[in-house]
Amino acid sequence: MKIVVLAQRRTGVAVETMRPHFKAEIEAVWGLYTQGIVRDFYARADQGGPAVLMLESESVDSARQALAKLPLVEMGMLDLDLIPLAPFANLSQLFADGAHA
């Protein structure tokens, strides 16, 4: 299952408090990448902040368990929004009943 992960700094947590842990966080994300859990990571073009991750996992729960080990998550500095993705099947409606030309 593909999962998009949007991370957000927890309200009240200053970036300066997080900064000493950035290297450990990046190393932990890299570890998940080498395990095949994190497939891609991006920066948001419209704002700074934590990376957007694309995961491959059996379930949202197993992805959440893997991400729970990230240092900034363990320390309660980041909130994560996990969004499961599914194939987009609505295109088939374009071709139903000879609708294609």
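Key figures
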read-out	value
Positive-end residue, the stretch 2-98 charge dipole about Cα centroid, Cβ charges, pick of Ala51, Ala66, His21	His21
FRET efficiency, 1/(1 + (r/R0)^6) with R0 30 Å, evaluated for Ser92 and Val52 via beta carbons	0.55
Simple label model, 7 Å out from Cα along Cβ direction - Ile26 to Ile83, nm	2.6 nm
Net charge over other residues, Cβ less than 14 angstrom from the Cβ of Tyr33 (K, R count +1; D, E count -1)	-2
Folded to 0 to 90 degrees: helix 22-34 orientation relative to the chain principal axis, Cα	40 degrees
Computed Kirkwood radius, in angstrom, where 1/r is averaged over Cα pairs of the chain	15.2 Å
Nearest-20 debye value, the chain charge dipole, Cβ charges on Lys, Arg, Asp, Glu	240 debye
Sorted by Cβ neighbour density within 10 Å, fewest at the top, the residues Met54, Met18	Met54, Met18
Residue exposure sequence - Phe41, Phe95 - by fewest surrounding Cβ within 10 Å	Phe95, Phe41
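No value in this document is a laboratory result; all are computed from the given coordinates. Quantities reported herein were computed from a predicted structural model and do not represent experimental measurements. Ideal geometry is used to build each Cβ from the backbone, glycine not excepted, and the neighbour counts take in all protein chains shown.
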